[in-house]
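Step one of this worksheet: look at the structure below.
The values are calculated or read from the model by the stated rules, or taken from the named source; none is laboratory data. Note that the coordinates shown come from a computational prediction; the quantities given were computed from them, not determined experimentally. Quick reminder, even Gly has a Cβ in these numbers, built from the backbone with ideal geometry, and neighbours come from all protein chains shown. Ligands, DNA and RNA are excluded from the accessible area calculation, which covers all protein heavy atoms including side chains. Shrake-Rupley method; radii C 1.70, N 1.55, O 1.52, S 1.80 Å.
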Amino acid sequence: MSDLFFEKLLTRHTQTPEVPSTELISSWANELLTVLFPEVTEKRMDSVAELKNTFDRLRIDLVSLLYHTRSCDHRREHAIADVFFETIEEVYHDLLLDIDAFVQGDPAALSSFEVIRSYPGFYAIYIYRIAHILHKESVPLVPRILSEYAHSRTGIDIHPAAVIGKSFFIDHGTGVVIGETTHIGDHVKIYQGVTLGALSIDKKMAGIKRHPTVQNDVIIYSGATILGGDTVVGSGSVIGGNVWITSSIPPGTKVYHQADNKWI
């Protein structure tokens, strides 16, 4: 190996931003989950004081994560942590609505405990909702690290910048992709293998809405692909499995694929 090769590696080591490990970031998120939802652990809190102390420690840990993310704005670490924990009660109530959507929407779901403890869709939504707070506060890298950790654990890929409404339900979940500029309304149900993606991939489209909008009360069945920033799936529509959609769907429409390749 040449000296030039080592010099190139050294340059990368000296110029690459320092960021806490994925393990450290995900451990913080998982500990927060155990406080919000004791169903995922055998640990139980014994008092309000213990809960408050744990939240205080998690806040300090978040400040530390932000501090050690060297590309973060160090003037805002405490302010970002304050916003996060001021928002977490609202996020908790949104997650309760998500859990209820799972229980009501899946005949196989016997209890909220089962959903919280074992459903990959719920875990992916939890990580999305906390990563989304950090994304809105312009935290670099950490939100995406969280979302990719959830992706590796669940097979569900939700960009933290996506906007997702209340009572969201992902059934099974493997292979679901929700792109950066996707907007999803309330009471939407998505099955495995659904892609909400861009119609074309071009770096020049960064910052432009290139992923679809899914309005309220929509069901999207497995394997459906919906593409494009101008594509709107109207409220109350049902999208059948394995369809390919690149133009808007009026509200209340049922879309499915026929053997003769015509859509109805």
Report the convex hull volume per residue for segment 101-164, counting only C-alpha atoms, in Å³. 79 Å³
Report the relative contact order of segment 121-264, percent, no decimals, based on alpha-carbon pairs under 8 angstrom and at least 6 residues apart. 15 percent
Equivalent ellipsoid semi-axes for segment 54-114, as square roots of 5 times the alpha carbon gyration tensor eigenvalues: give them largest first, rounded to whole Å. 34, 11, 10
Work the Kirkwood hydrodynamic radius out for segment 149-217: mean of 1/r over every pair of different alpha-carbon atoms, inverted, in Å. 12.4 Å
Rounded to the nearest whole number, the Stokes-Einstein translational diffusion coefficient of the chain at 20 °C and 1.002 mPa s (Kirkwood radius, C-alpha pairs) in µm²/s is 107 µm²/s
Each residue of segment 161-176 in turn: what ³J(HN,Hα) in whole Hz from Karplus with 6.51, -1.76, 1.60 and θ = phi - 60°, glycine and Pro shown as x? 7, 4, 10, 10, x, 8, 6, 9, 10, 10, 8, 6, x, 3, x, 6
Per residue, how much space in cubic angstrom lies within the convex hull of the C-alpha atoms of segment 37-183? 117 Å³
Here, Thr34 and Ala108, labelled 7 Å along Cα→Cβ, have an inter-label distance in nm of 2.8 nm
How large is the Kirkwood hydrodynamic radius of segment 164-264, counting all unique pairs of alpha carbons, in Å? 13.3 Å
How much of the accessible area of the chain, probe 1.4 Å, is carbon plus sulfur, in whole percent? 54 percent
Principal axis dimensions, segment 1-91 - Cα atoms, whole angstrom, descending: 61, 32, 20
With the other protein chains left in place, how much accessible area per residue, in square angstrom, belongs to the chain at a 1.4 angstrom probe? 52 Å²
Alpha-carbon radius of gyration plus Dmax, which is the widest Cα pair, for segment 112-239 in Å: 13.8, 45
Theoretical gain in end-to-end length, Glu7 to Arg70 [0.36 nm per residue, Cα-Cα removed]: 20.4 nm
Segment Glu89-Met45, extension gain: residue separation times 0.36 nm, minus the distance between their alpha carbons: 14.1 nm
The chain: relative contact order from alpha carbon pairs under 8 Å, six or more residues apart, as a whole percent, is 10 percent
GluC sites (Glu not before Pro), loop per DSSP, at most 14 other Cβ atoms within 10 Å - longest free stretch of the chain: 43-264
